[in-house]
1. For the range 25-52, give me each residue that is aliphatic (A, V, I, L, M), surrounded by 12 or more Cβ atoms within 10 Å (Cβ to Cβ) and closer than 15 Å to LYS94 by Cα.
2. Looking at the range 52-72, can you tell me whether even one residue there is touching an Asp or Glu at 6+ places or on another chain (Cβ under 6 Å) and at pLDDT 90 or above?
3. Give me the pairs, please: first residue somewhere in the range 53-65 and surrounded by 10 or more Cβ atoms within 10 Å (Cβ to Cβ), second residue anywhere and in a loop (DSSP other than H, G, I, E, B), beta-carbon distance under 6 Å, and either six or more positions apart or on two chains.
4. Could you say whether any residue in the range 6-21 is in contact (Cβ under 8 Å) with a residue 24 or more places away in the chain, farther than 30 Å from LYS101 by Cα, of a type in the set (Gly, Ala, Ser) and assigned to a helix (DSSP H, G or I)?
5. Out of the residues in the range 53-68 that are in a helix (DSSP H, G or I) and more than 13 Å from GLU81 (Cα to Cα), state the one that is nearest to the chain's Cα centre (by Cα).
Amino acid sequence: MVGRIKESFQNGIAKLKWFASLLSDRLKVELSVIKLLHQSSQMEKRKDDLMREIGQRVFELKEYSDRQILTDAAVAAALAEIEHITLEIEQIRKRASEISKIEE
């Protein structure tokens, strides 16, 4: 009788440990995904700021009809950074998607 109780108790503890480790692993995965998505949203904000800067620069250059807007140094640098940020955002979102798929 005592042996059965002890065995049942040990089985219960083993199941509890398994569930706790599963929950811990899943929580780690979810936190990683949340961090990546937060990083992605921060990069989106930076991208929006760069687009505003381009718009302001275009507005400043509207009075100069002889200047090419796309060849302006400030506009070209902002466009290059936007392209770089866009690629990073895509990579981050892809990584977050892969992490959540793997662990499911």
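The values are calculated or read from the model by the stated rules, or taken from the named source; none is laboratory data. Fair warning: this is a prediction, and the values are worked out from it, not measured in the lab. Here the Cβ positions follow ideal geometry from the backbone for every residue, glycine too, while neighbour counts run over all protein chains shown.
1. Within the range 25-52, VAL29, VAL33, LEU36, LEU37, MET43 qualify.
2. No, the range 52-72 contains no residue that is touching an Asp or Glu at 6+ places or on another chain (Cβ under 6 Å) and at pLDDT 90 or above.
3. VAL58/ILE69; LEU61/ARG67; LEU61/ILE69
4. no
5. GLY55
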